[in-house]
Amino acid sequence: MDGAQAHRRGETLRRRLTEPWATALLYAALAVILSAVGLTGLWRDLSLLAERPSPWWTLATALPAAATVLLKRRAPRVGLALAVLVCVADVLVLGGLVPLLVVLEQLHAVTVVRSVRERRTVLYWIAGTLAAIVLSIIALFGNLVLAVMIGLQLGALLGMTFWYANSVAQSRELVTLYRQRAEDLARLAELDRAVAVRHERERMASELHDIVAGHVSAVAIRSEAALTQSGACTDDLSPAALFSAERTALRAVRDSSLHAHEALRSMVTVLRAGTAPEAAPLGRAQLPDLVCEARRSGLRVELDDTWSGALPAAVDHGIARVVQEGLANSAKHNAGAEVLVRIAEHSGRVQVSVVSRGGHPLPHPELRGSGIGLQLLEERVRTLGGTFTAGAEVDGWSISALLPEKGTT
């Protein structure tokens, strides 16, 4: 805590010392000290006075020069122009040091806030000013050596000031660039997170539709079948046969309810723990079970699987999903239909079709489809590199998919 407090105090002190008024007071105090020790007449060879004035006269230009520092933030160009005028007057009369230091201070203030192109312009102005000073000294005093020496000294001072200000400006630009990049990366990360969340929601919706919707629909269909049998005329059925049919329907309702409950519990486990439970993947091996479940829902299903040979896991799963969705739609919208499930070779590809005929929609309960199942199924098939079609036909409904034998990566 003491270290942090010391750091904050140091930062506060640094900010206060860099304030224009503090810098102006510092130059004013330096001018008084230099006058007191007699450090004046640095530009004696350029002075227009015949005799050397009192050192205290340097305050006449040093203090106005120090006052121009107050403009280095609000109007740095104006401050630099005023400082240059005061410095020229000081060089030609008194030869003090503070006005030159103030010019360097104002040059730094002007350069550090400029853009790259504007800083290049400032450098051109510095070079032009140095050339003008050297030529002016040669023209006024006829001393080439003096002009070269003064030009080198001023060039070193002005060049070092420009270099330092340019380095500070570049550092600030790099900091701004890195901050922008960090913000861009943060925005990209947020977009990636949103896309990941959207994909996960779509995946969860697909899983819920694939696993739960079929079972819940089967519960409604089988319950309706049991109610229909109970309310129907029993002239053709003995009480024992009717009782057996009702028990069979109720048993099917119970099984579908348990399957739906297990599926929901698995999905909740995924949401809470973030890991999917181990389960046998759906594939062609489960097609007889799917057909059996569809028959328990009142469909008359025939499975015709003539494909021979192994298939990739993705294609195998896609075939089972097409059959599962086709049977579920037949049970919901075409009750009692004859359904033909066919898996065969077609032009070197696997063709899967589910065609239902002769059924009828249940009057109650009315099971309206949202179409999400077919949309998800079409996306799955197209991802595998196949084609998908579904729609009504004469006296029925059909779903067909053509999948590549090896799938796509």
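Some notes on this structure:
- Hey, V116 β-branched (V, I, T) and surrounded by fewer than 17 Cβ atoms within 10 Å (Cβ to Cβ) or not: yes
- Total residues in segment 75-100, condition open to solvent by 50 Å² or more (accessible area, probe 1.4 Å) and among the hydrophobic types (A, V, I, L, M, F, W, C): 9
- Among the criteria (1) of a type in the set (A, V, I, L, M); (2) modelled with pLDDT of 85 or more; (3) open to solvent by less than 50 Å² (accessible area, probe 1.4 Å), the one L340 does not fulfil is (3).
- T121 being in a helix (DSSP H, G or I), at pLDDT 90 or above and crowded, with 17+ Cβ neighbours inside 10 Å: no
- Members of segment 132-145 that are open to solvent by less than 60 Å² (accessible area, probe 1.4 Å) and touching a residue at least 12 places away in the same chain (Cβ under 8 Å): I133, V134, I137
- A residue that is modelled with pLDDT of 90 or more, closer than 22 Å to L26 by Cβ and surrounded by 15 or more Cβ atoms within 10 Å (Cβ to Cβ) occurs somewhere in segment 51-63.
- Odd one out for R114, checked against (1) under 16 Å from S35 (Cβ atoms); (2) of a type outside the set (F, W, Y); (3) modelled with pLDDT under 90: (1)
- Single unsatisfied condition, K72 versus (1) open to solvent by less than 20 Å² (accessible area, probe 1.4 Å); (2) at pLDDT 75 or above: (1)
- Restricting segment 151-172 to residues that are open to solvent by less than 80 Å² (accessible area, probe 1.4 Å) and free of Cβ contacts under 8 Å to residues at least 12 places away in the same chain, the residue that is nearest to the chain's Cα centre (by Cα) is S171.
- Being of a type in the set (K, R), under 17 Å from R284 (Cβ atoms) and more than 44 Å from the chain's Cα centre (by Cα) is a property that R321 lacks.
- Hits in segment 310-331 (condition: open to solvent by 40 Å² or more (accessible area, probe 1.4 Å) and in contact (Cβ under 8 Å) with a residue 60 or more places away in the chain): P312, A314, Q324
- Residue ID - least open to solvent (accessible area, probe 1.4 Å), chosen from residues in segment 389-405 that are without any contact (Cβ under 8 Å) to a residue 40 or more places away in the chain and assigned to a strand (DSSP E or B): G391
- Taking segment 53-100 as the range and being under 22 Å from I33 (Cβ atoms), among the small types (G, A, S) and part of a helix (DSSP H, G or I) as the test, the residues that pass are A60, A62, A65, A66, A67, A83, A89.
The values are calculated or read from the model by the stated rules, or taken from the named source; none is laboratory data. All values reported here derive from a predicted model rather than from experimental measurement. Neighbour counts run over all protein chains shown; Cβ positions are idealised from the backbone, glycine included. All accessible areas refer to the heavy atoms of the entire protein, side chains included, with ligands and DNA or RNA removed. Shrake-Rupley method; radii C 1.70, N 1.55, O 1.52, S 1.80 Å.
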